[in-house]
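Inspection log for the structure reproduced underneath, given as structure tokens.
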Amino acid sequence: MAEHFAVTGGARLQGSVDVVGAKNSVLKLMAAALLAEGTTTLTNCPEILDVPLMADVLRSLGCGVTVERDTVAIDVPARLGAEADYRSVSKLRASVCVLGPLIARCRRAVVPLPGGDAIGSRPLDMHQAGLQRLGATTEIEHGRVVARGDVLRGAQIWLDFPSVGATENILMAAVLADGTTVIDNAAREPEIVDLAAMLTQMGAKIEGIGTSTLSVHGVTALQPTEHRVIGDRIVGATWAFAAAMTRGEVTVRGVDPHHLDLVLDKLRSAGAETEAGTQEFTVRMDGRPGAIDFVTLPYPGFATDLQPMAIALSAVADGTSMITENVFEARFRFVDEMVRLGADARTDGHHAVVRGVERLSSAPVWASDIRAGAGLVLAGLCAEGVTQVWDVEHIDRGYPRFVENLQGLGADVERVLTDPL
Ligand code: EPZ
């Protein structure tokens with residue numbers, strides 16, 4: 001038996017939806033807890049598949065972890081294991097972010113290589129280069145990154161690309177290093193700001209938070225803390241695109257609208273009206289969206305995680321859109337599934353050209369990753385008939401209560417258990 005979402009097109013989404021903590025923050029905050037002996041508690045955590053998977057990784061290092069509804073408590077022992085479990089890490093790519101905290105606390109770290117996935121090869125060369133600059137050695141042995149560093153010393157580090165993961169791992173290693181580390185061309189996503197905020201609460205000394213130059217003054221020890229995870233801007237933006245595509249009106253609560261300035265501006269260019277409040281915003285679209293171009297870039301550019309939503313909107317927009325993907329080389333795989341739904345879309349290298357159609361037509365489609373899955377469901381909301389979206393475990397990894405939230409906004413969507421297609 002396998003699950004799929006049965007999405008009946010036609011409804012205009014109306015109402016409000018609550019968004020909880022960000023997947024791409026909570027997983028790193030869970031890893032950062034390793035930096036201090038004692039219990040760190042995270043609140044406003046999303047109830048998604050990735051959180052218990054990360055808990056398993058931390059347990060394999062000797063931590064006690066409890067996950068109760070939206071609260072995660074991590075009890076970190078004085079003597080921490082330095083070898084993360086192969087099976088747990090292979091299930092969760094993001095768990096590579098234990099590398100920095102382990103090398104900082106244990107002066108040694110053995111972390112299985114997560115490997116590539118549907119959106120790209122995803123090497124770790126910048127993580128390794130940064131840790132080597134701090135004085136560690138890193139090798140790939142038997143499918144694992146093996147890092148050793150008896151003494152970590154502050155250093156000047158330039159990143160070739162503002163990689164989120166590399167910035168996080170280097171930052172978490174540098175907070176307990178001797179001296180000052182400067183990370184130049186650092187990533188500055190809101191999730192990085194959230195991580196730096198929690199590290200500062202734990203006693204770390206970090207300057208330039210939110211900018212592309214982070215200065216980290218190493219300290220000798222950190223303390224456990226309690227931290228509320230920031231709202232998930234990618235989930236919030238997914239609801240914004242859903243409102244625009246279905247010509248509806250949706251209020252999204254629990255996300256800082258400033259984390260979506262560019263996204264909301266883009267939707268206004270497509271003809272939507274938007275209103276921003278504190279930790280909430282509303283998107284309303286009366287007519288058919290107009291075609292606009294999108295270029296994915298590191299923050300504050302247009303997020304690559306919203307590229308499938310941009311393509312789904314363009315597929316029903318009035319006119320032709322060009323979407324340029326600059327972050328992940330294989331993220332256009334999703335377009336093939338959109339074509340199944342009747343989208344007029346073509347790709348060429350980093351570019352996709354999409355000519356909007358009045359109406360898509362339903363078909364069985366397969367989610368290849370979290371965001372592609374959400375994009376296909378949004379497209380199904382604008383298709384004639386019932387679209388079956390398969391491999392929905394991808395969606396469950398990043399979107400808490402997705403079907404229930406859609407139903408709450410008036411969509412006709414069901415989670416169905418049947419024989420696989
Ligand atoms: C994080 O991935 C997010 N994942 C991704 O979200 C997100 O798409 C990405 O940042 C960009 O915003 C998590 O936070 C768990 P990167 P990460 O390092 O850290 C290349 C989702 O759907 N690169 O910024 O892996 C890399 O291959 C996921 O929620 C190197 O070449 O992203 C990519 O092309 C998908 N060498 C680019 O940089 C390195 O050492 C950006 O990667 C590191 C990265």
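Here, each number is a calculation from the coordinates, and none is a lab measurement. Just so we're clear, the structure is a prediction, and the values are computed from it rather than from any experiment. Here Cβ is always computed from backbone atoms with ideal geometry, including for glycine, and neighbour counts include all displayed protein chains.
Under the convention that each Lys and Arg Cβ holds +1 and each Asp and Glu Cβ holds -1, the size of the dipole of segment 73-125 around its Cα centre is about 120 debye.
Relative contact order for segment 306-417: what is it in percent, counting Cα pairs under 8 Å that are at least 6 residues apart?
After rounding, I find 24 percent.
Axis angle, to the nearest 10 degrees, between helix 370-381 and the longest C-alpha principal axis of the chain: 20 degrees.
Considering all C-alpha pairs of segment 107-160, those separated by over 18 Å amount to 37%.
For the chain, averaging the sequence separation of C-alpha pairs within contact (under 8 Å, six or more residues apart) and dividing by the residue count gives a relative contact order of 20 percent.
Sort 39-52, 21-34, 94-107, 205-218 by the packing proxy (mean of other Cβ within 10 Å over each peptide's residues), most packed first.
With the highest mean Cβ count within 10 Å placed first, the list reads 21-34, 94-107, 39-52, 205-218.
Compared with the dominant Cα axis of the chain, that is its longest principal axis, helix 23-32 is turned about 10°.
How would you rank 304-311, 249-256, highest first, on the average number of other Cβ atoms within 10 Å across their residues?
Final packing ranking: 304-311, 249-256.
Above 31 Å, the calculated P(r) of the chain contains 38 percent of its Cα-Cα pairs.
For the chain, the longest principal axis of the alpha carbon atoms and the long axis of helix 50-59 meet at an angle near 20°.
Quick check for me: using +1 on Lys/Arg Cβ and -1 on Asp/Glu Cβ, what's the dipole size of the chain about its Cα centre, in debye to the nearest 20? Charge dipole, the chain, about its Cα centre: 640 debye, nearest 20.
Among Ala343, Pro308, Ile192, which residue has its Cα furthest toward the positive end of the charge dipole of the chain, with +1 on Lys/Arg Cβ and -1 on Asp/Glu Cβ? Going by the charge dipole, the pick is Ile192. For segment 1-129, the relative contact order is 21 percent, taking Cα pairs closer than 8 Å that sit 6 or more residues apart in sequence and dividing their mean separation by the residue count.
Descending by average beta-carbon neighbour count within 10 Å, the peptides 405-416, 268-279 line up as 405-416, 268-279, the highest first.
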